[in-house]
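The values are calculated or read from the model by the stated rules, or taken from the named source; none is laboratory data. Just so you know, these numbers come straight off a predicted model, no measurement behind them. Positions of Cβ are generated from backbone atoms using ideal geometry, with glycine treated the same way; all protein chains shown enter the neighbour counts.
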């Protein structure tokens, strides 16, 4: 299985894709005219305390004020809480439109194997590690490693990937996280409002941490001037990885060179055709994403029940693939065709879970298919979806509508 990381830095967008056997398995898009704020840390200043909301509003230098709940302010700052107080804040949920970002005063630094909690202590472990003996053994071992590295005054979350890592790799990451935390704690009180902290990594490091890279070989195809930082960042977490590079001149599109630009542009379309002639239509609303499964041109006359079942399987598989590529999150409803019996529902539910494992989708939950044949999915929001970046909202006939943003129209005109 060949894994390739493709970075295409253009004038308007930076596009990043992970290819597995030359097929896009994950995609990320950055609008170069907008700052990526999710998980970033700033020095903020409290401007207002709203007791009814049990929250404060914080100016942290990005224009709109963020919402910081009182319960997410560390005790050391809560004791002297007042307008004008400055404190470090982390963007926990990046908002769009007129809303301000959701903030937290409990700062964390994410690694591939651990999350370091700067304002807490103790060790917790991923629920995905289910074996009790494995959990306890790993927790005890990591506790000793943290003690040896003088990091016991911080809290840590052990991620699932740590179970398969060797001691050298775990120590390297723990040491890196503790060094970053120590530097942050020693200097955080010397900066002014709006200063961005913990800003040494590549701009798409959050996306990189979600990827499953191989342990042996990785190809990088890039036109980025940040390539050395990128390699250093990846090797921090996978030190034995052999990286093969192909570096192209800046602004020469690597997506076009590898022939994946067309597949990227397909991701902005609502209708996706299936290989049996059916299709799915993806509609995103304020509350949820709806995937409508249609028979369209599919031939169903011979053994209709079997062909309908196959159509639903193809639709589920493609919908999950689109969830990954478009970075869809929140509530996702797939409206299946003619799922009349409990046996069919159970079979399709098992098929869905198998597809999720095959695609290695994280932070996703699947719920039983309803009586109306609706497959219910929820996925945790990590980064902006593709549509949030390329579309903008406007009001037409007193209803919200969406259109391409000016940035994306400029991109299409230059493509």
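Of all the strands (runs of 3 or more DSSP E) wholly in region 1-77, which have at least 3 residues that are farther than 26 Å from residue 194 by Cβ and modelled with pLDDT under 90? Working first, answer last.
Details: elements: 3-9, 13-20, 23-31, 41-50, 55-59, 66-69.
Those strands (runs of 3 or more DSSP E) span 23-31.
In the set (1) more than 24 Å from the chain's Cα centre (by Cα); (2) touching a residue at least 24 places away in the same chain (Cβ under 8 Å), the condition left unmet by residue 126 is number (1). Residue 393 satisfies every condition listed in (1) closer than 14 Å to residue 284 by Cα; (2) crowded, with 17+ Cβ neighbours inside 10 Å; (3) touching a strand residue (DSSP E or B) at 6+ places or on another chain (Cβ under 6 Å) except (2).
Among the residues of region 336-360, which ones are in contact (Cβ under 8 Å) with a residue 40 or more places away in the chain and part of a loop (DSSP other than H, G, I, E, B)? Give the derivation first.
The initial filter retains those residues of region 336-360 that are in contact (Cβ under 8 Å) with a residue 40 or more places away in the chain, namely 336-337, 359-360.
If the condition is that a residue be in contact (Cβ under 8 Å) with a residue 40 or more places away in the chain and part of a loop (DSSP other than H, G, I, E, B), then 336, 337, 360 are the ones that fit.
When region 364-385 is filtered for residues that are touching a strand residue (DSSP E or B) at 6+ places or on another chain (Cβ under 6 Å) and either in a helix (DSSP H, G or I) or exposed (fewer than 14 other Cβ atoms within 10 Å of the Cβ) (or both), the ones remaining, listed by number, are 365, 367.
What are the residues in region 146-200 that are in a strand (DSSP E or B) and surrounded by fewer than 17 Cβ atoms within 10 Å (Cβ to Cβ), if any?
Matches in region 146-200: 196 only.
Every residue in region 377-401 that is over 27 Å from residue 363 (Cα atoms) and touching a helix residue (DSSP H, G or I) at 6+ places or on another chain (Cβ under 9 Å), please. Answer for region 377-401, where residues must be over 27 Å from residue 363 (Cα atoms) and touching a helix residue (DSSP H, G or I) at 6+ places or on another chain (Cβ under 9 Å): there is none. The set of residues from region 271-295 being assigned to a loop (DSSP other than H, G, I, E, B) and modelled with pLDDT under 90 comprises 285, 286, 287. When residue 81 is tested against (1) in the same structural domain as residue 61 (by TED's automatic domain parsing); (2) in a strand (DSSP E or B), exactly one condition is not met: (2).
Taking region 367-404 as the range and being touching a residue at least 24 places away in the same chain (Cβ under 8 Å) and at positive phi as the test, only 373 passes. Against the definition (assigned to a helix (DSSP H, G or I) and not assigned by TED's automatic domain parsing to the domain that holds residue 60), how does residue 130 come out, yes or no? For residue 130, the condition - assigned to a helix (DSSP H, G or I) and not assigned by TED's automatic domain parsing to the domain that holds residue 60 - is not met.
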